[in-house]
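Participant: Below you'll find the structure I mean.
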Amino acid sequence: MRGLESNQEGLFSYVSPEARVPANHPLRAIRAYADEALRRMSRVFNAMYAERGRDSVPPETLLKSTLLMALYTVRSERLFCEMLEYNLLFRWFLALGIDAAVFDHSSFSKNRQRLLEHRVAQRFLGMIVRIARRKGLVSDEHFSVDGTLIDAWASMKSVRAKNAGSIHGSDVSGGGNPEVDFKGERRTNDTHASTTDPQAKLARKGKGKEARLAYAGHALMENRNGLVLGLTVTEPHGNAEVKAAEELLDAQREEGVVPDSVGADKGFCQREFVTKLRHRKIKPHIARIEGPCCRGWMAALPARRATPSRSGCASASRSASAGCTRSAAPRRPRCAVAPRSRWRSCWPAVRSICCASRSLRRPAGEQSVRSTEKQRRAASKCFEMHRESVSNIVRPIDSH
């Protein structure tokens, strides 16, 4: 029998949002951890607000709302407040009833500065990490650190010279989005800045990439369970990743956590950073920069091998002690000329053999048979003496 569509709504509803959320939904576990961490931060919230006055939006609601926007990639706070009107899952996560009024999106802007001044986001993450460590969900065996660029909410058209009175080449007659022609103009962070976000800096991801206004985000993660232990945002510059990694490791040391090893990409392959890790008794697992630019300071490290082996597990163990790791993928054996230092050590042997062989190639009229036989014996003796030194000049790399 066909059912008929009923357009008449019920006058009362006795179903709560709690009953609408499945028992195995991932947000249930996230909400439990978030509520426990926010309860422990009650003293911090009390110090942020005055004792008298009109009640504001609870800071717990704002923090959990920000968490929902990050989990569900909501692009704006205005859109989130609009979705909160009809999304029962969001209302349940924020402990809002079906009949409760939704706060205005401007509440985020009004309270953001207060939350930043008291470092509420960092404390919230730190409390989550402490709870996870107490439950045995955090390991201190191996950590990884990395950085990335976070795009700023500023247009490249807002970049202009610091000493300029107006935007160079702009046509303000067209309205609020003028046409800007910066072709042929050299723009750097020392001479130019954004008018809408002065703290953002021009940065690029790598060689050949375009420069854009961005910040540098850094994260420290433990590898066993994949939990983020620390986050920080800095200005993008050459050593931003290394300095941020040291600060994140220092923060973990204050908590009494010292990892056995730390992994990173080639951006952290710097002698100062590797040396500091070893002073802290941390094994550096850092991707090595191939080429002579890295070979010099790697060879200068005490009691370390500059060229680790490429054979499976031996490569991982030896590269850990050398301060860098390499891919264990199999490669064909190839011959290569030894480093310059090895050439210098073998050059006397090569010169002696070359001189002896040159004397043997002289015409017969210039030397007697007796002297020729004598020189041949001397050349053979010289070659046998320096055979081992010459064999080290050119040989397969995989035999090292």
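Participant: Fewest to most neighbouring Cβ within 10 Å: what's the order for 212, 43?
Facilitator: Ordered from fewest to most neighbouring Cβ atoms within 10 Å, 212, 43 come out as 43, 212.
Participant: I've got another one for you. Fully extended, how many nm does the chain gain between residue 272 and residue 5 (0.36 nm per residue separation, minus their Cα-Cα distance)? Display every interim value, and only then the final one.
Facilitator: On the way: separation 267, 0.36 × 267 = 96.12 nm, distance 7.24 nm.
Gain on extension, residue 272 to residue 5, equals 88.9 nm.
Participant: Still on this model: Once you place label points 7 Å from the Cα toward the Cβ at residue 139 and residue 56, how far apart are they in nm?
Facilitator: 4.2
Participant: What ranking of 79, 248, 115 emerges when the number of other C-beta atoms within 10 Å of each C-beta is taken as an exposure proxy, fewest first?
Facilitator: Neighbour counts put them in this order, fewest first: 79, 115, 248.
Participant: Would you list 143, 124 from fewest to most Cβ contacts within 10 Å?
Facilitator: Taking fewest neighbouring Cβ atoms as first place, the list is 124, 143.
Participant: Assigning unit charges at the beta carbon (Lys, Arg +1; Asp, Glu -1) and nothing else, what dipole magnitude in debye, to the nearest 20, does the range 17-130 show about its Cα centre? Before the final figure, lay out each step's value.
Facilitator: Details: 18 positive and 12 negative charges, 90 e Å.
Charge dipole, the range 17-130, about its Cα centre: 440 debye, nearest 20.
Participant: May I ask you to order 46-55, 231-240 by the average number of other C-beta atoms within 10 Å around their residues, highest value first?
Facilitator: Working: 46-55: 8.1, 231-240: 15.1.
By packing density, highest mean first, the sequence is 231-240, 46-55.
Participant: Using the Karplus equation 6.51 cos²θ - 1.76 cosθ + 1.60 (θ = phi - 60°), what ³J(HN,Hα) coupling, rounded to whole Hz, does each residue of the range 192-198 give in order, writing x for Gly and Pro?
Facilitator: Running phi through 6.51 cos²θ - 1.76 cosθ + 1.60 with θ = phi - 60° gives 10, 7, 7, 7, 9, 9, x Hz.
Participant: Give the calculated FRET efficiency between residue 122 and residue 182 to the nearest 0.05, with a Förster radius of 51 Å applied to their Cβ-Cβ distance.
Facilitator: 0.85
Participant: A follow-up question, please. For a 30 Å ceiling on Cα separation, which of these pairs sit above it: 135/205; 162/276; 157/207?
Facilitator: Numbers: 135/205 38 Å; 162/276 38 Å; 157/207 22 Å.
The pairs that break the limit, which is 30 Å between Cα atoms, are 135/205; 162/276.
Participant: Still on this structure: Output ³J(HN,Hα) for the range 41-52: one whole-Hz value per residue in order, computed from phi by the Karplus curve 6.51 cos²θ - 1.76 cosθ + 1.60 with θ = phi - 60°, and x for Gly and Pro.
Facilitator: 9, 4, 5, 5, 5, 5, 6, 7, 10, 6, 6, 10
Participant: Further, regarding this structure: For labels at residue 13 and residue 114 in the simple 7 Å Cα→Cβ model, what's the distance in nm?
Facilitator: Result for the modelled spin labels: 3.1 nm.
Participant: Determine the gain in length on full extension of the stretch residue 211-residue 76; use 0.36 nm per residue of separation and subtract their C-alpha separation, reporting nm with one decimal.
Facilitator: Value of the extension gain: 46.1 nm.
Participant: To continue, here is another question. Based on the alpha-carbon gyration tensor of the range 171-293 and its eigenvalue square roots a ≥ b ≥ c, which shape applies: rounded if a/c is under 1.5, prolate if not and a/b is larger than b/c, or oblate?
Facilitator: prolate
Every number in this text was worked out from the coordinates using simple rules, so none of it is lab data. Note that the structure is predicted; figures quoted are calculated from it, not measured. Glycine also receives a Cβ, built like all others from the backbone with ideal geometry; neighbour counts cover every protein chain displayed.
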